[in-house]
Every structure is written in C-alpha cells, then in structure tokens.
Amino acid sequence: MTILVTGGAGYIGSHTCVELLQKGYEVVIADNFVNSSMDVPERIARITGKMPKVFELDVADSHALDLVFAENHIGAVIHFAGLKAVGESCQIPLRYYRNNLDTTLTLLETMERHGCKKLVFSSSATVYGPKNECPYTEDMPTSATNPYGWTKVMIEQILRDYCAANPEFSAVLLRYFNPIGAHESGLLGDDPNGIPNNLMPYVARVAAGQLPRLTVFGDDYPTRDGSCLRDYLHVVDLAKGHLSALEYAASHTGAEAFNLGTGEGISVLELVHSFQEVNGVPVPFVIGGRRDGDLAEVYANPSRAREELHWTAEKTLDDMCRDSWHFIQTRKAER
Ligand code: NAD
Ligand code: UDP
C-alpha cells in the first residue's frame, strides 16, 4: 500500500517514514520544507535502503496535491504537515490558523475527489486544555490555551463532522504527549532552527556546549521535586504508533482519538539528571521563573491505545537521552 505522508520530512514524519518503509509500505512525502531540511529524504534512504518519493509543495495548494493523488495510488494519508510552535502561534495566530486548517481542508477535499478514505492525524495532548486532571483519557472535554492548540481542537472537530457525514471514512486522531529522542543511527532527530523552545533539544545543545545553560522554568510546582511533569516518549515508539493506527483504520470507520504516551510523568529535573548520568556529560542549569501557560503536570492514560491499537511505548528515558545526545554529536561532526 502507498501512504502519503504530509510533513514527512519533519521530526516525527521522518521517523514514521523509516518505520513505514521498513515494514514494506511505499511512501510518498509531501512537504514544503518550511521547518525541515531537504536532505531528510536521503537520510531516510540511508537508513532503509529505499528512497521515498518526494513532492515539494504546500499541502494547502489544491492543484499540486491533486497531482500527487493522480500520479500515485494513495491508500491512506498520515497528516503531519503543520506549524507547531506554541509561542509563535500567539504572535502570528492567523498564519497558524491559515496553515493548519487550510492544509487539512485541502487534504480532505483532495482525498474525497480521489476516493481515499483513511487518515491518521497528528493531534496533541494540548487538546486536553487547562482544566482536566491527569492522567488524561480520550473521553475528556477538549479545549486549548493558545492558537496552536485551538488548531488541533478545531481539526479534530472537522474530522469528527466529516466522518459523521461520510460513514465509510476513517480518521484516527493521535494525541501525542512529548516525543523526544532520535533515530539510533544518529541520522534523524529534532534539529530546530535557532534557539530551541522545547526541553530536550535545549538540554542537548547545552550539553554540546552550544548554549551556556538551561533555565528550569519553575521549581515551585506541586510536584515531587517542584519542576513540571511531562509524559516523554521516544520518537521511534511514536512513529510505530502510526503503523498501528493504519492497521486500525483498515478495519474501523469514524473518528477515534488515542493518547500516545507512556502514562508516566517525568520531571524536568529528572530528565536533566538522567541525561547527565546516561551520557556522562554535564548539563549546567539554573532555576528560573515559571513559563507562561505551563501546566504542572501532563501525562496520559495510554490504555485505549494499548487495548485497541495494540501499541505501547517500549523505550526508556535512558534510551531517549542517549539517542538525543548521539544525534546532536553526529550533527556536530557533520558540520
Ligand atoms: P515538524 O515541524 O518537524 O514537521 C512538520 C513538517 O510539516 C515540516 O517538515 C514542515 O516543513 C511541514 N509543513 C508545515 N506546513 C506545511 C505545509 N503547509 N505544506 C507542506 N508541508 C508543511 O514537526 P513535528 O514535531 O514532526 O510535528 C509533526 C506534527 O505533529 C505537527 O502537526 C505537530 O503539530 C504535531 N505534534 C508535534 C508534537 C511535538 O512535540 N513534536 C507534539 C504534538 C503534536
Ligand atoms: N522547560 C524548561 N526549560 C526550557 C524548556 C522547557 O524548564 O528551556 C520545561 C517546561 O517548562 C516544561 C517541560 O520543560 O515543563 C517541557 O517543555 P516543552 O516545551 O518541551 O514541552 P511542553 O511544555 O509543550 O509540554
């Protein structure tokens, strides 16, 4: 089967392409490379021995996307393409709503024209909003605290409405918790431009001497050590979750949401200590004030994914720390 992977050159998309190719799927990537590098497909090929087909296009460009479907027999789509920086989404909300909603609407219209009825969508734990209590379960009400989060809430709703009107359609809404880590080859990983916003890429760059120190955003939260808890999962485990979702979509219709997380909250300080211990490198840090909008704890109840997708996260926090460090060192050596 041929899978169209929108945003397939990005962090999670590239790891998912590797898993798909290794399982014998044909892969077609559609990406405009706004937040990824043109050499990613070739890196995917170095790992898998197979070069995915690549279309450089904006997924909101209906004409360009139409050609992809016309030239390839697409059996299902995994839709990663989107902008994802929470802070930036507050500064330029229209760009976020335009990009994330338009790509999805154009994709659905194009799939409809070509009779493609299976979609796996990158949603996020952010749709649980500020009011629900952890561990989050999929039946909780959704909301958001920033434009990025609202795009995910809105797209989930669009997909539910579309499935209600099209009973043969299958939309699997994967609510990711905090993916970190990198491919064990060191060839793929999270390599944001500029100063990272997210914890693990920041920690890795501090360890590599590219940034002087980490600021831990708050140690006065009501958690076991005062720093925030997040449900970190290895990006390769997350990538494998998409294959489980494709299998689920093959035999189910309707819009269904699944948490992809480990179910365990890890604190900022615990992550920093593990990174230092596993890799034998210092990560200088200072304690700073809280970051606006941060919740004290965010972690999943992952049982629905375990029972219905037959998926569980297998890799450990040590694996995540080791692979992130290996990736940044490989990157440094290449430059
Ligand atoms: P990423 O930025 O690395 O990948 C997204 C890819 O989409 C990039 O390659 C980018 O160039 C492409 N893209 C963006 N807009 C496009 C457009 N209009 N047309 C074509 N390509 C476009 O991000 P990621 O971390 O791999 O995240 C993938 C998806 O998962 C996103 O939708 C994101 O919101 C969601 N998600 C990510 C996380 C996380 O922590 N990384 C957590 C929850 C959800
Ligand atoms: N964090 C931090 N310093 C940083 C970046 C992040 O202390 O430089 C903390 C942040 O407050 C949060 C956790 O690390 O508690 C994870 O942050 P990230 O932005 O990676 O994920 P999110 O907050 O979106 O879950």
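In summary, helices (runs of 4 or more DSSP H) completely within segment 20-92 and bearing 1 or more residues that are within 25 Å of Ile195 (Cα to Cα) and among the hydrophobic types (A, V, I, L, M, F, W, C) occur at 40-48, 86-91. When you scan segment 89-97, do you find a residue that is surrounded by 15 or more Cβ atoms within 10 Å (Cβ to Cβ) and away from ligand 2 (no atom under 16 Å from the Cβ), even just one? The answer is yes; a qualifying residue exists. Checking Leu94, Leu119, Leu107 one by one, the residue that is of a type in the set (A, V, I, L, M), over 30 Å from Pro302 (Cα atoms) and more than 8 Å from ligand 1 (Cβ to nearest atom) is Leu94 and no other.
Among the residues of segment 71-98, those identified as hydrophobic (A, V, I, L, M, F, W, C) and more than 13 Å from Ala30 (Cβ to Cβ) are Ala76, Leu83, Ala85, Val86, Cys90, Ile92, Leu94. May I ask you to verify whether Val68 is in contact with a helix residue (DSSP H, G or I) (Cβ under 6 Å, 6 or more places away or on another chain), more than 20 Å from Asp190 (Cβ to Cβ), away from ligand 2 (no atom under 16 Å from the Cβ) and in contact (Cβ under 8 Å) with a residue 12 or more places away in the chain? Judged against the criteria, Val68 is not a match.
Condition check ((1) at pLDDT below 95; (2) aromatic (Phe, Trp, Tyr); (3) surrounded by fewer than 18 Cβ atoms within 10 Å (Cβ to Cβ)) across all residues:
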position: Gly13; (1), (2), (3): no, no, no
position: Val28; (1), (2), (3): no, no, no
position: Ile47; (1), (2), (3): no, no, no
position: Phe55; (1), (2), (3): no, yes, no
position: Ala60; (1), (2), (3): no, no, no
position: Glu71; (1), (2), (3): no, no, yes
position: Ala76; (1), (2), (3): no, no, no
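Just one of the listed residues (Ala165, Ala144) is touching a helix residue (DSSP H, G or I) at 6+ places or on another chain (Cβ under 6 Å), surrounded by fewer than 23 Cβ atoms within 10 Å (Cβ to Cβ) and without any contact (Cβ under 8 Å) to a residue 24 or more places away in the chain, and it is Ala144. So, in segment 173-200, exactly how many residues are under 14 Å from the mean Cα position of the chain (by Cα), surrounded by fewer than 21 Cβ atoms within 10 Å (Cβ to Cβ) and near ligand 2 (Cβ under 9 Å from one of its atoms)? Residues that pass the stated criteria total 1.
Return a yes/no flag: does segment 271-285 have any residue that is under 20 Å from the mean Cα position of the chain (by Cα) and not acidic (Asp, Glu). Yes, that holds for at least one residue. Residues in segment 304-323 that are hydroxyl-bearing (Ser, Thr, Tyr) and either touching a Pro at 6+ places or on another chain (Cβ under 9 Å) or buried (at least 19 other Cβ atoms within 10 Å of the Cβ) (or both): Thr312 alone.
When Asp292 is tested against the conditions (1) under 18 Å from Tyr221 (Cα atoms); (2) away from ligand 2 (no atom under 13 Å from the Cβ), the lone failure is (2). When Asp294 is tested against (1) part of a loop (DSSP other than H, G, I, E, B); (2) farther than 19 Å from Asp190 by Cβ; (3) out of contact with any Cys (no Cβ under 7 Å at 6 or more places or on another chain); (4) within 16 Å of ligand 1 (Cβ to nearest atom), just one condition goes unmet, and that condition is (3). For segment 263-291, the set of residues classified as assigned to a strand (DSSP E or B), among the small types (Gly, Ala, Ser) and surrounded by fewer than 16 Cβ atoms within 10 Å (Cβ to Cβ) consists of Gly288 only.
The values are calculated or read from the model by the stated rules, or taken from the named source; none is laboratory data. Note that this is a predicted model, so its numbers are computed, not measured. In this analysis, Cβ positions are derived from the backbone assuming ideal geometry, glycine residues included, and neighbour counts consider all displayed protein chains.
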